[in-house]
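S.K.: This is the structure, below, for whatever I ask next.
The values are calculated or read from the model by the stated rules, or taken from the named source; none is laboratory data. The structure presented is a predicted model; accordingly, all values stated were derived computationally and were not measured. Neighbour counts are summed over all protein chains in view; Cβ atoms, including those assigned to glycine, are modelled from backbone coordinates with ideal geometry.
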Amino acid sequence: MPFANRTDCFPLDWSADFPADSPVSSPSDLLLDPPASSPVDEVFWRREAQRIHWQRPFRQVMALEQGGPHCRWFEGGATNLCYNAVDRHLPLRGGQTALICCDRQGAERRISYAELHREVVAMAWILQRQGVLAGDRVLLCLPVMPPALFAMLACARLGAIHVVVSAQLSAAALAERIDLSQPRLLILEDKINRALLQEGLAPPAVRRIIVGDGGLEAMRYAGGAGDREAGELPGDGELGYRRLRAAYNNEPIPCRWLPAEAPSQLLFTSGTTGTPKGVVRDTGGYAVALCASLPHIFHTGENEVFFTTADIGWVTGHSYLVWAPLLAGFTTLVVTGGGTNTPGRRWWQLIARHSVTRLLTVPGAMRLARMQSETLDPPLTSLRAVYLAGEPLDAKTRQWLEQGAGVPVYDHYWQTESGWPILAGQGGALRPVMDRRVSIVDEQTGRPAATGMLVLHDHLGPGGMQTLWGHDDEFVARYWHHDGEGWRYLTQDRARRDEHGGITIQGRMDDTMNIGGKRLSTAEVEHAALTVPGVAEAAAVGIAHPLLGQMVQLYIVTAPEVPAARHADMRRCLAAVIVARCGRHGRPRSVIFLDSLPKTFSGKIIRRFLRRP
Ligand code: WTA
């Protein structure tokens with residue numbers, strides 16, 4: 001079935017096409033147009049593709065589907081992400097540490113590749129017993145903790161699609177994402193499950209596996225102390241992870257060989273409307289791109305230890321806390337409760353203690369660290385480089401870090417949609433990485449310009465967004481433009497090119513804000529504000545903030561009957577509602593009451609006027 005024609009996203013029953021352990025055959029001989037002049041560096045990608053195991057070789061590096069912009073990478077090939085990240089390392093690296101886990105209480109535990117394999121197979125067994133099939137979505141709402149990684153890997157093992165939602169989001173935001181992705185199964189931290197129940201938002205027909213949030217000591221198999229098995233019986237549809245894990249009978253669960261283009265993940269991000277967008281990513285392209293990105297963009301060698309501080313519900317967490325380090329057979333730090341908001345001594349100690357070689361974090365965390373203390377202490381002798389992604393990197397923070405850590409500091413520009421970096425650079429100016437082809441075009445004319453929108457040529461690269469879950473029309477309409485020569489992917493970021501070809505990113509051109517590296521749409525905040533009684537109109541804009549880059553400033557027009565005396569109350573209520581629906585980073589810096597909002601003749605809010613200080 002051609003990709004773009006599906007009505008329900010990916011209804012394919014992979015299990016029928018690819019029974020476990022059987023020789024693979026392609027689901028259909030696809031309607032593919034070979035590109036006229038290749039928009040990809042075939043030689044480069046063929047070579048890079050050798051970094052992973054293919055159960056069946058691919059026929060073509062990249063093929064546009066019916067002229068594009070949909071495309072398939074490594075078409076005809078069959079592989080499995082979990083096999084590449086775990087099983088294939090066993091002969092040589094079984095005893096090597098895969099995960100270094102640190103819990104909130106300070107307990108630490110190392111998990112070797114052999115142990116990881118056992119845990120992942122056990123998790124796959126659990127999922128299978130709950131009826132999870134290839135193509136099903138499994139939604140995880142867990143903080144960074146070992147069972148979250150086991151579950152992501154187990155999904156990939158079975159061909160199920162993992163949907164990881166940040167545990168920092170509210171119950172309402174989680175419920176919305178459950179509704180949008182229609183998962184077969186939920187895996188939730190105990191605390192989050194309680195919040196869902198309290199607000200009456202737990203979907204009655206979907207089973208929930210509950211993972212306790214106890215420390216590693218209490219966790220045997222990194223399961224949970226919070227399974228409530230002592231006194232309380234699990235509620236309706238609830239299963240305790242620890243108990244399920246204890247019942248595992250050592251049955252081997254093989255990896256299911258999947259077509260390269262089988263979706264491996266669905267990851268929600270903020271778009272320009274109030275509804276989150278589900279970015280769908282493939283299997284083979286993602287594996288190859290991540291493996292290639294390590295030597296080419298991160299300059300890695302052998303035996304690296306990665307510390308990616310991101311939440312696993314964010315793209316950086318997916319790609320560089322979980323998948324890339326494991327695909328390459330490296331070691332990755334799994335620090336529970338160590339989130340991007342709490343840098344400083346604990347991080348430096350972790351780096352020193354575990355001989356971390358690569359630190360990947362957001363500029364905001366480093367700005368905070370700089371304000372907390374002038375020096376990086378203890379000395380970080382193991383560190384080889386620091387990478388920052390997610391928001392603009394200011395020169396002062398970059399220099400502080402270069403001097404303090406004494407290692408190269410790289411700025412990486414990318415997006416949830418791209419899955420891995422698009423541009424990278426040292427010292428301020430960015431350049432396209434690997435086979436990325438970009439240009440800057442004038443917003444109005446679409447012609448090349450020194451300042452304008454950054455666009456990618458022809459495709460998003462392997463492992464880039466394949467479509468938006470359930471909204472394929474929007475995927476084409478919102479992100480792609482054909483300029484007569486080829487498809488251009490619109491990043492929605494304004495960029496400037498200097499005389500030497502170096503690129504600087506100036507910020508989003510659409511209605512999304514970037515708060516401490518977290519993307520939030522103005523519409524999401526406004527929708528939340530409009531639920532507060534007495535609010536007639538709401539406009540959110542991002543205003544500059546020294547630490548977070550941006551913060552929300554909220555403008556409110558109240559209903560006529562609301563007296564000014566109620567404004568203080570409303571401010572408190574607005575903050576609470578927005579934090580609950582959009583997360584902590586959505587908390588408005590200030591709420592300003594106006595008689596009316598500035599609007600165009602067509603009734604659109606002119607945010608430019610509101611953004612003025
Ligand atoms: C912004 C994050 C400046 C940009 C990995 C982009 C950046 C959005 C940089 C994507 C950077 C990301 N310099 N701005 N190095 N990296 N951005 O999807 O506006 O959470 O479009 O992915 O963050 O945010 P997302």
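S.K.: Filter region 504-529 down to the residues that are touching a helix residue (DSSP H, G or I) at 6+ places or on another chain (Cβ under 8 Å) and near the ligand (Cβ under 9 Å from one of its atoms), then identify the one that is nearest to G364 (Cα to Cα). Explain how you work it out, then say what you get.
M.R.: Quick first cut of region 504-529, residues touching a helix residue (DSSP H, G or I) at 6+ places or on another chain (Cβ under 8 Å) only: 511-513, 515-518, 520, 522, 524-525, 527-529.
Okay, now just the ones that are also near the ligand (Cβ under 9 Å from one of its atoms), so 512, 517-518.
Values: T512: 18, G517: 7, K518: 10 Å.
Per the stated criteria, the residue is G517.
S.K.: I'd like the residue in region 383-427 that is within 26 Å of D282 (Cα to Cα) and aliphatic (A, V, I, L, M) and, out of all such residues, is nearest to the ligand (Cβ to nearest atom).
M.R.: A389
S.K.: Tell me which residues, restricted to region 390-399, are in a helix (DSSP H, G or I) and among the aliphatic types (A, V, I, L, M).
M.R.: Our first condition is that a residue be in a helix (DSSP H, G or I); within region 390-399, this holds for 395-399.
Hit for region 390-399 is A395, nothing else.
S.K.: Could you check region 280-314 and list, in sequence order, the residues that are farther than 13 Å from F330 by Cβ and more than 16 Å from the ligand (Cβ to nearest atom)?
M.R.: D282, T283, G284, G285, A287, V288, A292, H296, H299
S.K.: Select, from V356, V322, V305, the only residue that is within 19 Å of S166 (Cα to Cα) and crowded, with 20+ Cβ neighbours inside 10 Å.
M.R.: Values: V356 fails: within 19 Å of S166 (Cα to Cα); V305 fails: within 19 Å of S166 (Cα to Cα).
None of the other options fit; the residue is V322.
S.K.: Now, a different point. Need the failing condition index for E391 against (1) over 21 Å from H318 (Cβ atoms); (2) buried (at least 21 other Cβ atoms within 10 Å of the Cβ), just the number.
M.R.: For E391, the failing item is (1).
S.K.: Can you pull out the residues in region 75-131 that are in contact with a Lys or Arg (Cβ under 6 Å, 6 or more places away or on another chain) and either within 15 Å of T331 (Cβ to Cβ) or hydroxyl-bearing (S, T, Y) (or both)?
M.R.: T97, I100, C101, Y113
S.K.: So, of the residues in region 257-279 that are of a type in the set (G, A, S) and more than 14 Å from the ligand (Cβ to nearest atom), which turns out to be nearest to Q492 (Cα to Cα)? Show your work before the answer.
M.R.: As a first pass, look at region 257-279 and keep what is of a type in the set (G, A, S): 260, 262, 264, 270-271, 274, 278.
Now restrict to residues that are more than 14 Å from the ligand (Cβ to nearest atom): 260, 262, 264, 274.
Working: A260: 28, A262: 27, S264: 25, G274: 17 Å.
Step by step, filter region 257-279, then rank; the result is G274.
S.K.: While we're here: List every residue pair whose Cβ atoms sit under 7 Å apart, with the two residues 6 or more apart in sequence or on different chains, where the first one lies in region 295-314 and is more than 17 Å from L380 (Cβ to Cβ) and aromatic (F, W, Y) and the second, anywhere, is part of a loop (DSSP other than H, G, I, E, B) and within 16 Å of the ligand (Cβ to nearest atom).
M.R.: W314/S166
S.K.: Every residue in region 481-497 that is within 15 Å of the ligand (Cβ to nearest atom), over 14 Å from P39 (Cα atoms) and not β-branched (V, I, T), please. Can you show your working first?
M.R.: From region 481-497, those within 15 Å of the ligand (Cβ to nearest atom) are 489-497; that's our starting set.
Within this subset, residues satisfying the condition of being over 14 Å from P39 (Cα atoms) are 490-497.
Of everything in region 481-497, those that are within 15 Å of the ligand (Cβ to nearest atom), over 14 Å from P39 (Cα atoms) and not β-branched (V, I, T) turn out to be L490, Q492, D493, R494, A495, R496, R497.
S.K.: Follow-up question, since we're still on this one. Does any residue of region 532-544 turn out to be among the aliphatic types (A, V, I, L, M), out of contact with any strand residue (DSSP E or B) (no Cβ under 6 Å at 6 or more places or on another chain), within 16 Å of the ligand (Cβ to nearest atom) and outside any loop (DSSP other than H, G, I, E, B)?
M.R.: Looking through region 532-544, at least one residue is among the aliphatic types (A, V, I, L, M), out of contact with any strand residue (DSSP E or B) (no Cβ under 6 Å at 6 or more places or on another chain), within 16 Å of the ligand (Cβ to nearest atom) and outside any loop (DSSP other than H, G, I, E, B).
S.K.: So which of M371, M366 ends up being over 18 Å from R110 (Cα atoms) and either touching a strand residue (DSSP E or B) at 6+ places or on another chain (Cβ under 9 Å) or crowded, with 24+ Cβ neighbours inside 10 Å (or both)? Write out each step before concluding.
M.R.: Details: M371 fails: either touching a strand residue (DSSP E or B) at 6+ places or on another chain (Cβ under 9 Å) or crowded, with 24+ Cβ neighbours inside 10 Å (or both).
Testing whether each residue is over 18 Å from R110 (Cα atoms) and either touching a strand residue (DSSP E or B) at 6+ places or on another chain (Cβ under 9 Å) or crowded, with 24+ Cβ neighbours inside 10 Å (or both) leaves just M366.
S.K.: Provide a single number: the residues in region 143-166 that are part of a loop (DSSP other than H, G, I, E, B), at pLDDT 95 or above and closer than 15 Å to R177 by Cα. Write out each step before concluding.
M.R.: We begin by selecting, within region 143-166, every residue part of a loop (DSSP other than H, G, I, E, B); these are 143-145, 159-160, 165-166.
Adding the requirement that they be at pLDDT 95 or above leaves 159-160, 165.
Now narrow it down to the ones that are closer than 15 Å to R177 by Cα: 165.
Number of matching residues: 1.
S.K.: In the list M513, M465, which residue meets the criterion of being farther than 27 Å from R607 by Cα and within 23 Å of the chain's Cα centre (by Cα)? Let's see the steps before the verdict.
M.R.: Details: M513 fails: farther than 27 Å from R607 by Cα.
Step by step, each of M513, M465 is checked, and only M465 is farther than 27 Å from R607 by Cα and within 23 Å of the chain's Cα centre (by Cα).
S.K.: To continue, here is another question. Of the numbered conditions (1) surrounded by fewer than 22 Cβ atoms within 10 Å (Cβ to Cβ); (2) touching a residue at least 60 places away in the same chain (Cβ under 8 Å), Q349 satisfies every one except a single condition; which is it?
M.R.: It fails just one condition, (2).
S.K.: Additional query: Got at least one residue in region 502-512 being in contact (Cβ under 8 Å) with a residue 60 or more places away in the chain, under 25 Å from A310 (Cα atoms), part of a helix (DSSP H, G or I) and among the β-branched types (V, I, T)?
M.R.: Checking region 502-512: not a single residue is in contact (Cβ under 8 Å) with a residue 60 or more places away in the chain, under 25 Å from A310 (Cα atoms), part of a helix (DSSP H, G or I) and among the β-branched types (V, I, T).
S.K.: In region 237-252, is there at least one residue being at pLDDT below 90 and part of a loop (DSSP other than H, G, I, E, B)?
M.R.: So far as region 237-252 goes, yes, one or more of its residues are at pLDDT below 90 and part of a loop (DSSP other than H, G, I, E, B).
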